[in-house]
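A short worksheet on the structure shown next.
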Amino acid sequence: MKHPIKKPLLYLAAPLFSEAERRFNEELRDLLVAESYEVYLPQESGESVDPKDSRPDRRTFLHHLEALRGADGLVAVCDGPDTDSGTSWEMGYAYALGIPVIALRTDRRRAAGGRILNLMLGESSMIATKKEEIVSLLEVILKK
């Protein structure tokens, strides 16, 4: 009996508060799925709407944490004047767990010292400046 080949699981960390951000995240997810990756996109996990749930934020946090701990890699959207605080936290946590991190920075604005990305985020990740570069970086870090 043949065993199916397990697709690498990627956690897609990104801001998800505007329609434009959510749409970009979905576009990025679709690109990664087309390249045979399984993608966990937090905006799709659904927050608890059960009125009896006394701690819906806690439940959401724990759900995302479980997904992050099971990921083979993390892709983080780091655009904007400063990387989203939740995305930054997810990047740091993944790095601490030894999960490879790819930071996507398409924003032409620079961080302090003219860096592409904040020092700590940049030193704990591989940086892509175009979404199309992510796939080749994933092949390197996941040895696909």
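Which percent of Cα-Cα pairs in the chain sits in each 5 Å bin, short to long?
2, 10, 19, 22, 20, 13, 7, 4, 2, 1, 0, 0
Can you give the calculated 222 nm mean residue ellipticity of the chain, where each DSSP H run of n ≥ 4 adds -39,500 (n - 2.57) and the sum is split over every residue, rounded to the nearest 500 deg cm²/dmol?
-12500 deg cm²/dmol
Does a label point 7 Å from the Cα of ALA20, set along Cα-to-beta-carbon, have any residues of region 72-92 with amide nitrogen under 18 Å, and which are they?
Hits in region 72-92 for ALA20 at 18 Å: 77-85.
Quick check on the exposure proxy: order GLU44, GLU132, GLU35 from fewest to most C-beta atoms within 10 angstrom.
By the 10 Å Cβ count, ascending, the order reads GLU132, GLU44, GLU35.
Where does each of LEU68, LEU62 land when they are ranked from fewest to most other beta-carbon atoms within 10 angstrom?
Sorted ascending by nearby Cβ count, the order is LEU62, LEU68.
Hey, fewest Cβ within 10 Å first, where do LEU32, LEU16, LEU65 land in order?
Ascending Cβ contact count within 10 Å gives the list LEU65, LEU16, LEU32.
Is region 68-125 rounded, prolate or oblate when judged by the Cα gyration tensor, a ≥ b ≥ c being the square roots of its eigenvalues, rounded requiring a/c under 1.5 and prolate requiring a/b larger than b/c?
Judged from the Cα gyration tensor, region 68-125 comes out prolate (a/c at least 1.5, a/b above b/c).
Which residues' amide hydrogens lie under 5 Å from the amide hydrogen of ILE99, considering only partners 5 or more residues apart or on another chain, with H built in the peptide plane?
Sorted by chain and number, the residues that satisfy this come to none at all.
Could you tell me whether region 5-49 comes out rounded, prolate or oblate from its Cα gyration tensor? Rule is a ≥ b ≥ c as square roots of the eigenvalues, rounded for a/c under 1.5, then prolate if a/b exceeds b/c, otherwise oblate.
Taking the square roots of the gyration eigenvalues as a ≥ b ≥ c, region 5-49 is oblate.
Read the figures in this text as sums done on the coordinates, not as results from a lab. For clarity, every value in this text was computed on a predicted model and none was experimentally measured. Note that each Cβ is placed from the backbone with ideal geometry, even for glycine, and that neighbours are counted across all protein chains shown.
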